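Everything on this sheet refers to the single structure shown next.
The values are calculated or read from the model by the stated rules, or taken from the named source; none is laboratory data. Note that the structure is predicted; figures quoted are calculated from it, not measured. A quick note on method: Cβ atoms are made from the backbone with ideal geometry, for glycine too, and the neighbour counts reach across all protein chains shown.
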Amino acid sequence: MKITPKQYAVALYESIKDKKEDKAKAVLGEFVKALIHNNDISKERKIILEFEKIWNKKKGIVEAEIISANDLDKPIVKLLNKYIANLSKSEQVVSRQLIDKNLLGGAVLKYGDKIIDGSLKTRLNNLKEEMVK
């Protein structure tokens, strides 16, 4: 039976979640040996991604993308992170900012399975549809 990256990630999380750093490092070393033994070391990237999802969910951390037409100032990014934290009821937001020149202005926020489109392009399209009605 093949073990999926998600199964590996869950096993790793369960193995280290209550361990101190030195014990967690030892468990991680044994985990890597098991991957090599099972010829699954090539799955390491997918396992890490799955592990990050599990870790963040358990620790109340939300990953987000802030997409805007231009680079946003730090106070604006901080405000948007706080907004996302309130919406998602999370303790911490880890965001990355992306630039999309096609947006014209405003921003699109993505976190979890949610998208909040506050872009100028979308607003103009909505206005156009309302005017056509």
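Against the condition among the acidic types (Asp, Glu) and within 21 Å of the chain's Cα centre (by Cα), how does Glu129 come out, does it pass? Walk me through it before giving the result.
Numbers: among the acidic types (Asp, Glu): yes; within 21 Å of the chain's Cα centre (by Cα): no.
Here the answer is no, as Glu129 does not meet what is asked.
The residues listed here are Leu49, Leu103; of these, the one that is out of contact with any Pro (no Cβ under 9 Å at 6 or more places or on another chain) and either of a type in the set (Gly, Ala, Ser) or surrounded by 12 or more Cβ atoms within 10 Å (Cβ to Cβ) (or both) is Leu103. Name the residues in region 41-54 that are touching a helix residue (DSSP H, G or I) at 6+ places or on another chain (Cβ under 7 Å), over 16 Å from Tyr111 (Cα atoms) and of a type in the set (A, V, I, L, M, F, W, C), would you? Hits for region 41-54 are Ile41, Ile47, Phe51.
From the list Ala69, Ala64, which one is hydrophobic (A, V, I, L, M, F, W, C) and either within 15 Å of the chain's Cα centre (by Cα) or outside the structural domain of Tyr111 (by TED's automatic domain parsing) (or both)?
Ala64
For region 44-74, give me each residue that is touching a residue at least 40 places away in the same chain (Cβ under 8 Å) and touching a strand residue (DSSP E or B) at 6+ places or on another chain (Cβ under 8 Å). Steps first, please.
Let us first name the residues in region 44-74 that are touching a residue at least 40 places away in the same chain (Cβ under 8 Å), namely 46-47, 49-51, 53-55, 58, 62-69.
Passing the criteria: Trp55, Val62, Glu63, Ala64, Glu65, Ile66, Ile67, Ser68, Ala69.
Listed residues Leu35, Leu28, Leu49; which is closer than 23 Å to Gln92 by Cα and assigned to a helix (DSSP H, G or I)? Break it down stepwise before answering.
Values: Leu35 fails: closer than 23 Å to Gln92 by Cα; Leu28 fails: closer than 23 Å to Gln92 by Cα.
Going through Leu35, Leu28, Leu49 in turn, the sole match is Leu49.
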